[in-house]
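These notes concern the structure reproduced below.
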Amino acid sequence: MKKFRFAGLFVAAFVLTLAIASIAFAGRRGSQDFVLENGTGRVITEIYLSPTSSNEWIYQDELGKNQVLYPGQDIFLAFDPRDNVQYWDIKVVYEDGSYEYWYTLDLFRIYRITIRPNAIASIDEV
């Protein structure tokens, strides 16, 4: 009888663990929030974000007025929950006025992006 009770507790714990993991993954799956790290070696003065399908930069200057992102620093970028768009483009402007783009980033899967020179990025996914 004790063996069955132990087995039942083990199965219940296993099912509970799976349920918690699936809830955590489902919560992340619907989120486009991510961390952007400046690996360019240059000072970034502006960050723009837009759905890949759009011709406009929906989120403009995400750093805010008079703010910069120094090399090695990162910023957490949060989205409105209504922005249920999977693929996004990023534009950064450097302190000398030049800029670079990173295209078609799957923000449903990405939780951290380290941007590098020449539009190269290191991506951490769920």
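List of remarks:
- Elements of type strands (runs of 3 or more DSSP E) contained in region 68-126, each with 1 or more residues being at pLDDT 95 or above and within 16 Å of ARG42 (Cβ to Cβ): 74-77, 87-94, 99-106, 110-116
- The single condition from (1) of a type in the set (A, V, I, L, M); (2) farther than 22 Å from SER31 by Cβ; (3) assigned to a loop (DSSP other than H, G, I, E, B) that LEU63 fails is (2).
- Residue count for region 77-126, restricted to those that are at positive phi and touching a residue at least 24 places away in the same chain (Cβ under 8 Å): 1
- For region 55-62, the criterion of being over 18 Å from ILE110 (Cβ atoms) and without any contact (Cβ under 8 Å) to a residue 12 or more places away in the chain is met by at least one residue.
The values are calculated or read from the model by the stated rules, or taken from the named source; none is laboratory data. Because the structure is predicted, anything quoted here is derived from the model rather than measured. A quick note on method: Cβ atoms are made from the backbone with ideal geometry, for glycine too, and the neighbour counts reach across all protein chains shown.
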